[in-house]
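J.: Right, I'll just put the structure down here and ask away after.
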Amino acid sequence: MESTLRFILRISALTLAFVPALHAQVGNATQTTLAVSPSATISTTKTVTLIAKVSSSGGPIHPGVVVFCNAKAPHCEDSAILGSAQLTAAGTASLPLRLSPNKYSIKAIFRGTPHSATPREPSASATQTLTVTGLSQSSLYPVTASQSSGRYKITANVAGYGIVPLAGTVTFNDTVLHGTLLPLGSATLPSTSPTAQLSQPFIPAVVPGDIGQTITGDFNNDGLTDVLAFNYDMNERDPTFGMTTLTTYLSNGDGTFRTLSQLLTLSTPTYGITGDFNNDGILDLAIADSFDCVVVPMLGNGDGSFTVGTAANVPTCAAPPFLAGDLNRDGNLDLMLVGNGLSSVLSGNGDGTFTFAATQPGVNTGSNPVLRDINGDGIPDLYVGSNPIQILTGNGDNTFTPLPPIPYPHTVNSLDVADFNGDGLPDLLVANSDNTVGLLLGSKSGTFTAEPTITVPGSPLAQIAAADFNADGKADALVLSAFNSDPPALTIILGNGYGAFASSHPSTSILSNQPFAFGDFNGDGLPDVTQAFLSATQDISVAVNTGIIAELTQQIKPAVITNITFQADTDHSLTAHYSGSTDYKPSTSSPFDLLTFPNITSKLRITSTGFIFSRITNTFNATLTVTNTTTSPIAGPIQIGFGNLPQTITLANPTVPKNEGFITIPAGLAAGKSTTVPIRFNNPFLYAINYTLAAYTGAF
């Protein structure tokens, strides 16, 4: 089966600056070829390298950028882009990748350099075919059950870690007392497009100190997405107190990482951006130091470590957002520090050094800015979310011309740019201060039309970004809710490909309110998420640990059977088994305990005291008062379960072995009588403790 290439975000801000269609330019003609190494058929566990060669009159072209795209997509943009690479002195641009099993059609596009010393016209390669063999991973979530009139609907969600649509069947079984296995039925996965959701967050790496920004990219050229982070040592007892460490989390390709660290001598490294700044085929890092008013290149060594380059002075010491792109179209990457009313542009020299080029007045700090070509002239333009929204068109000489502000009846907290209706033109994706998400559809005239917004419940919206989460070739959105004491959450909102949103998946509670970054951490072609996190403590004298957290994107399809009956007053253990397919491995769910004991929640009044933190047990403690509100006794044991807790908060009480999260009142309750039950919760991230309760009678 052949499908489009879905994943864009290797160097997202950089790649988005190069997505306009090929257009006529004045310059020497060029020729681009594409090769696949080591072969056109490769296992999914191996790295494949796409190698483009660009020449003119038989000689190699340098510098410049090459974008690698899905040859069958109508436009080389967004999820059709695998990534981009700078041309080396040999006239080659290489992109190592670890790809999901599938058949791929790929072309390489040289964007041209109209403003280089010798202007060069754009060109595209012939299409190359790549076959990646193997089976993608699958997993099954525990089944869920809902009851009506004594009959049950049983659902199992199959998660696929790949870009080919899930197919196959799911069988359901019930194990009752004494281990008797009873088949319940089977269901075929629907042929409709899958939804998408994030896995439960996990912590692949922990280091001492306080992490700031997380940055993703392939820093050792193995085709896997790695993560960079700045760690500031806040522990006065450490010899490195007050110093910053640059930590590289090198991906193992399965969602785990190994770490590599080096101390930085910068005073206040506040923000970083990646790119190949010396055109050697290795990803580099540029760091803005807001105290010393400099930008410091960190040149990649190809193993995850960096060599400090020559600092470039900037006229402002603020810490604005940081962007990279070829702003003057000479083939070398430039840098732009955006915000505080006066933005600075540093022109890249192609050898890892930068020269201050220009200031751009009148740019609002606003939300996260984006570089992307709005008018098809091949020059990156600047989008800034605020109120109103600003767009500044690039002039191709490191300066910009402001367009009239875009009127919009909302204040924009965060902004991204992608094509949401498939017309090849950039649209605006915005997260607003009133908890709404909106689209403004672009036109050939450069104007934008606002579409109806949708509301995302929960905390205020802090960040939004576009990617294709369910591998259908249509732009989707991910939004971070993280501006108050409620647990932060990430919500995927699927696009329908026609300029509107199709649906949003229920939010995933996460461990961090820090900004997220995209990367493919398990090589399945789907955009995964990483954030910095802080392991909170009630004792400020204890050194904190920080690190990165990750959530893997899954495409989801449900399997459902209905009209199922169960024996009453019994603990049933339900499992589901996915058959697998020609593209996916089989998988089996963990057991789900279905209790058919009488539910007595409505017969009880349950109140709780406020929670108090205990330094002895390191838990949050409270007392439940449980009252039988009826005129009849309730036989014991009474089992009370806690639901809808944030996944980072767990019950620390002794629990019933087969039903984690239940507390027990062994003797039951007489009519009108009350009893008290102490409860303790582990709450390492200090979130608000909210829950629902359900009570049953009977021995589980």
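Laboratory data are not the source of any read-out in this text; all were calculated from the coordinates shown. Quick caveat, the model's predicted, so the values are computed rather than measured. Note that each Cβ is placed from the backbone with ideal geometry, even for glycine, and that neighbours are counted across all protein chains shown.
J.: Across the stretch 150-164, in residue order, what do the Karplus-derived ³J(HN,Hα) couplings come to in whole Hz, using 6.51 cos²θ - 1.76 cosθ + 1.60 with θ = phi - 60° and x for Gly and Pro?
T.: Running phi through 6.51 cos²θ - 1.76 cosθ + 1.60 with θ = phi - 60° gives x, 10, 10, 10, 10, 10, 10, 9, 8, 9, x, 9, x, 9, 7 Hz.
J.: Here is a further query. Evaluate E = 1/(1 + (r/R0)^6) for I203 and S608, where r is the Cβ-Cβ distance and R0 equals 45 Å; express this FRET efficiency to the nearest 0.05.
T.: Working: r = 30 Å, r/R0 = 0.66.
Computed FRET efficiency for I203 and S608 comes out at 0.90.
J.: Using packing as a proxy for protection, rank 98-109, 624-635 so that the peptide with the highest average count of other Cβ atoms within 10 Å comes first. Kindly include the intermediate steps, with their values, before the conclusion.
T.: Details: 98-109: 22.6, 624-635: 14.7.
Top to bottom by mean Cβ count within 10 Å: 98-109, 624-635.
J.: Using amide H atoms built in the peptide plane, which far-off residues or other-chain residues are under 5 Å from Y408 H to H?
T.: So Y408 has HN proximity to I389.
J.: Rounded to whole Hz and in sequence order, give me ³J(HN,Hα) for the stretch 447-452 from the Karplus expression 6.51 cos²θ - 1.76 cosθ + 1.60, θ = phi - 60°, writing x for Gly and Pro.
T.: 8, 10, 10, 6, 9, x
J.: Residue by residue through the stretch 245-251, which ³J(HN,Hα) values in whole Hz follow from phi under the Karplus form 6.51 cos²θ - 1.76 cosθ + 1.60 (θ = phi - 60°), with glycine and proline marked x?
T.: Taking θ as phi minus 60°, the curve returns 10, 8, 9, 9, 9, 7, 6 Hz for the stretch 245-251.
J.: What does the helix-only formula give at 222 nm for the chain: each DSSP H stretch with n ≥ 4 adding -39500 (n - 2.57), the total divided by the residues, and the result rounded to the nearest 500 deg cm²/dmol? Please report the intermediate quantities before stating the final value.
T.: Numbers: 1 runs with 4 residues, N = 700.
Result for the chain: 0 deg cm²/dmol, rounded to the nearest 500.
J.: OK, next. Which residues does a label at Q147 reach in the stretch 544-575, if reach means a backbone N under 15 Å from a point 7 Å past the Cα toward the Cβ?
T.: 563-574
J.: Okay, moving on. Given H placed on each backbone N at 1.01 Å, which residues far from V363 in sequence or on other chains put an amide H within less than 5 Å of it?
T.: Correct list: G341, L342, S343.
J.: Moving to a separate point now. Take Q262 and T631, extend 7 Å from each Cα along the Cα→Cβ direction, and tell me the distance between the two endpoints in nm.
T.: Here the answer is 8.1 nm between the modelled labels.
J.: Sort H75, H62 by Cβ crowding within 10 Å, fewest neighbours at the top. Before the final figure, lay out each step's value.
T.: Numbers: H75 17, H62 20.
Result, fewest neighbours first: H75, H62.
J.: Write down the Å³ per residue value for the convex hull defined by the alpha carbon atoms of the chain.
T.: Values: hull volume 112.8 nm³, N = 700.
Per residue, the Cα convex hull of the chain comes to 161 Å³.
J.: Could I ask something else about it? Mind listing the long-range amide H neighbours of I600? Cut-off is under 5 Å, sequence gap 5 or more, other chains count too, H placed in the peptide plane at 1.01 Å from N.
T.: A695, Y696, T697
J.: Still on this structure: Could I have the simple spin-label model distance between T399 and R615, label points 7 Å from Cα toward Cβ, reported in nm to one decimal?
T.: Taking the simple label geometry, T399 and R615 are separated by 6.3 nm.
J.: In nanometres, what is the gap between the two model label sites at N653 and T582, each 7 Å from Cα along Cα-to-Cβ?
T.: Here the modelled spin labels are 5.4 nm apart.
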